[in-house]
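Peer 1: Handing you this structure, nothing more for now.
Where a number appears in this text, it was derived from the coordinates with a stated rule and is not lab data. As the structure is a prediction and not an experimental result, all values here were calculated from the model. Using ideal geometry, Cβ is built from the backbone for each residue, glycine included, and neighbour counts are taken over all protein chains shown.
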Amino acid sequence: MRVVTRMRPKRAAELIGGSLYWIVKHRLIAAQEIIRFEDREDGRIDIVCSSELVTVSPMPRRAHQGWRYLEQADAPVTGGDESGVAELPAQLYGRLAALALV
């Protein structure tokens, strides 16, 4: 899978083997392993990721292009969680997150 971006990340070499986290409706929901970065003919960059999506424990996050790189300390737990928070409807989750309850 390829994700197009305008600029090559400053720490691209460090990100290879790490994860690209997906944000939907202001919460992290999944991660994909970053395989490599490729230059495109139009001057943009392809972030080449594995085809496997790994669910993560949902975390509130401000959206940024729908995805983010995270430091290991800030990364959510992979494989979902056992609390059932991941099963909440997006609107309810958003309201609870706004109240700092999740």
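Peer 1: If each of PHE37 and VAL24 carries a label point 7 Å out from its Cα toward its Cβ, how far apart are those two points in nm?
Peer 2: So the label points at PHE37 and VAL24 sit 2.7 nm apart.
Peer 1: Provide the per-residue ³J(HN,Hα) series for segment 7-24, in order, calculated from phi with Karplus coefficients 6.51, -1.76, 1.60 and θ = phi - 60°, each as a whole number of Hz, with x at glycine and proline positions.
Peer 2: Going residue by residue, I get 10, 6, x, 4, 10, 4, 4, 6, 7, 5, x, x, 10, 9, 9, 9, 10, 10 Hz, with x marking Gly and Pro.
Peer 1: Work out from phi, with θ = phi - 60° and the Karplus expression 6.51 cos²θ - 1.76 cosθ + 1.60, the ³J(HN,Hα) of each residue of segment 30-44, listed in order in whole Hz, and give x for Gly and Pro.
Peer 2: 7, 9, 9, 6, 8, 8, 6, 10, 10, 6, 9, 5, 7, x, 8
Peer 1: Fully extended, how many nm does the chain gain between ARG8 and VAL48 (0.36 nm per residue separation, minus their Cα-Cα distance)?
Peer 2: Numbers: separation 40, 0.36 × 40 = 14.40 nm, distance 1.23 nm.
Length gained between ARG8 and VAL48: 13.2 nm.
Peer 1: By how many nm would the segment from GLU87 to LEU101 lengthen if fully extended, with 0.36 nm per residue of separation less the alpha-carbon distance?
Peer 2: Values: separation 14, 0.36 × 14 = 5.04 nm, distance 1.52 nm.
Between GLU87 and LEU101, full extension yields an extra 3.5 nm.
Peer 1: Order these peptides, 44-55, 24-35, by their mean beta-carbon neighbour count within 10 angstrom, highest first.
Peer 2: On the way: 44-55: 15.2, 24-35: 18.5.
Packing order, densest peptide first, comes out as 24-35, 44-55.
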